[in-house]
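Contents: one structure, followed by commentary.
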Amino acid sequence: MEINERIREFVVENCLFGDTSVDLTDDTALLDSGIIDSTGVIEMVFFISETFGLEVPAEDMLPENFNSIARLSAYIEQRIPVG
Amino acid sequence: MQFGTHVLQLDVEAETNHIVTVMRQVIQQDFRRRGAVVGLSGGIDSATVLGLAVRAFGAERVLAVMMPEKASSPVSEQYALQLAEKYGVTAIKEDLTAGLAGLSCYARQDEAVRSVFSDYNPAVDKIKLVLPGDLLERGSLNVYSLSLTGADGVERRRVLPVAAYLQIVAASNMKQRSRMLMLYYHAEQRNYAVIGTANRNEHAQGFFVKYGDGGADIQPIQHLYKTQIYQLADYLGVTQEIIDRTPTTDTYSAECSQEEFYFRLPFEQMDLIWYGLDHDIPAVDVAVALQISPQQVEHVYRDLAQKNRSTEYLRAKPIMVR
């Protein structure tokens, strides 16, 4: 499964409580729309750790890395070691 | 006139008269209560509310209740007593430590802390919850870390997993809810009303406990920014020690300012930026007034909006299904 699809699945399950009727594109603003709140951010940090084996340092917990599925995917991709 | 700190300047006499008039109307005429109970913490907000209550009802019809528990700073009680004496108000002390221990408040909190720091020893280690301090510079997200300072003075910090974070907060919220319970005991015993002490910052950003310090019959300073509370406090003759004191949470064993626990920047900056957000002032104008960049103002605009949105649940009344 692609990274963005795994994130989408997590967001739908944990932040939207399984509601698939919400129009959730890769560019939907997760923070600004309230889909992810502060508790959701912590859940996402630990989801990334468990799923991709990446520790997210405090200095990376920024809106530009967390505000959409596309941004989260890009952040994870650039953190995953090549090869 | 150029945007600046003057927008937060109160006519303190007129504001005091307005609040006192409303307090009398609501408490005596509408609620038919004979006086007021104020939970006096030794901080600026409850001190100001005590001053307002004395003006509204007279010192003889106001009761101040101090409710320390084992994590409270001893100086809080000292400052509270000094103020009550200055106003001529009867002050009583209700130590909540035993009651909270009976509810396993401390045991529940300690259990959650040990899930993060397995060597945590509550007898000697000091803990607090903190947010990143770089809101202005980087606009970082509100992710809590647990800070533990050992007996050797060395501090360790770890980002809190959700379960531990929620358990620590749920346990510490027992403190505010126990205070609400005690305030209503004393209010009902005297046919008095409970006067709340939340300010605008706390209410709108969700820095209060639902049915805890948010549980009161009237909130006389909830419409005022924190810097305006200081103006009123000065006018009402609040003691200088309380005015000069850094606002703290007085909730965790380590000293923790409200800035590092929740607000993330000094009140002087936050209030002006918040006023700008409330009144649709362009970020660039606020930036000029504070001598920071428009991007920094935007970081705070975003944080304020996010906190307000994510804490709507706290401000909501119980919803009746029709």
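Rule-based calculations on the coordinates, nothing more; no lab input. Being a predicted model, the structure only gives us computed values, none of them experimental. Every residue, glycine among them, receives a Cβ derived from its backbone with ideal geometry; neighbour counts consider all protein chains shown.
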Study note, to complete from the structure: Evaluated at 37 °C and 0.692 mPa s, the Stokes-Einstein D of the protein assembly as shown based on the Kirkwood radius over Cα pairs, in µm²/s, stands at 143 µm²/s
Check your understanding: Tell me, Kirkwood radius of the range B:67-180 from alpha-carbon pair distances, in Å?
Key -> 16.1 Å
Point to revise | Computed FRET value (nearest 0.05) for B:Ala163 with B:Met1, which takes r as the C-beta separation and R₀ as 56 Å | key: 0.65
Practice item. Could you list B:Val143, B:Val124, B:Val288 in order of exposure, starting from the residue whose Cβ has the fewest other Cβ atoms within 10 Å? Key: B:Val124, B:Val288, B:Val143
Point to revise | Normalised per residue, the volume of the convex hull around the Cα set of the range B:113-236 (Å³) | key: 169 Å³
Check your understanding: To the nearest whole number, what is the average tally of beta carbon atoms from other chains within 10 Å of the beta carbons of peptide A:35-46?
Key -> 5
Revision key, fill the gap. Lys and Arg at +1, Asp and Glu at -1: neighbours of B:Asp278 with Cβ under 11 Å from its Cβ sum to -1
Check your understanding: Short version: what are the Cα gyration tensor semi-axes of the range B:188-308, square root of 5 times each eigenvalue, largest first, in whole Å?
Key -> 28, 16, 16
Check your understanding: Quick one: of the DSSP bridges fully inside chain B, what percent are antiparallel, nearest 5?
Key -> 50 percent
**Study point:** Candidate aspartates and glutamates - alpha carbon under 13 Å from B:Lys175, same-chain residues fewer than 8 apart omitted
**Key:** B:Glu69, B:Glu94, B:Asp95, B:Asp213, B:Asp250
Check your understanding: Which residues' amide hydrogens lie under 5 Å from the amide hydrogen of B:Leu224, considering only partners 5 or more residues apart or on another chain, with H built in the peptide plane?
Key -> B:Arg200
Review point. Which of the peptides A:72-81, B:75-84, B:297-306 is most tightly packed, and how do the rest follow, judged by the mean count of other Cβ atoms within 10 Å per residue?
Key: B:297-306, B:75-84, A:72-81
Point to revise | Nearest-0.05 FRET efficiency for B:Asn308 and B:Ala254, computed from C-beta distance (R0 22 Å) | key: 0.20
Exercise for review: Apply 1/(1 + (r/R0)^6) to the Cβ-Cβ distance of B:Asp119 and A:Leu16, taking R0 = 45 Å, and write down the FRET efficiency to the nearest 0.05.
Suggested key: 0.70
Point to revise | Average beta-carbon neighbours from other chains, 10 Å sphere, peptide B:140-149 | key: 4
Practice item. Using only Cα positions of the range B:4-106, each an equal point scatterer, no hydration layer, compute I(q)/I(0) via Debye at q = 0.21, 0.25 Å⁻¹ and quote the log10 values to two decimals. Key: -1.04, -1.22
Practice item. Report the net charge of residues surrounding A:Val22, where surrounding means a beta-carbon distance below 13 angstrom and charges are Lys +1, Arg +1, Asp -1, Glu -1. Key: -2
Revision key, fill the gap. Taking Lys and Arg as +1 and Asp and Glu as -1, residues besides B:Ile27 with C-beta under 12 Å from its C-beta add up to +3
Exercise for review: Let me know the shape class of chain A, please: from the alpha-carbon gyration tensor, a ≥ b ≥ c as square roots of the eigenvalues, rounded when a/c is under 1.5, otherwise prolate if a/b is greater than b/c, or oblate.
Suggested key: prolate
Exercise for review: Determine the dipole magnitude for the range B:105-165: charges of +1 sit on the beta-carbon of Lys and Arg, -1 on that of Asp and Glu, nothing else is charged, the reference point is the Cα centre, and the result goes in debye to the nearest 20.
Suggested key: 120 debye
Check your understanding: Using 7 Å Cα-to-Cβ label points, what is the A:Glu77/A:Glu9 separation (nm, one decimal)?
Key -> 1.9 nm
Point to revise | ³J(HN,Hα), Karplus 6.51/-1.76/1.60, whole Hz, each residue of the range B:189-204, x for Gly, Pro | key: 4, 10, 6, 9, 10, 8, 9, x, 10, 6, 9, 4, 4, 5, 5, 6
Study note, to complete from the structure: per DSSP, antiparallel bridges as share of beta bridges in the protein assembly as shown, % nearest 5, sits at 50 percent
Point to revise | Ellipsoid equivalent to chain B - semi-axes via the Cα gyration tensor, in Å | key: 30, 28, 18
Check your understanding: Can you work out ³J(HN,Hα) from phi for every residue in the range A:67-77, in order, using Karplus 6.51 cos²θ - 1.76 cosθ + 1.60 and θ = phi - 60°, giving whole Hz and x for Gly and Pro?
Key -> 7, 7, 4, 5, 5, 4, 4, 5, 4, 5, 4
Point to revise | Overall form of the range B:105-165 per C-alpha gyration tensor (a/c, 1.5; a/b vs b/c) | key: oblate
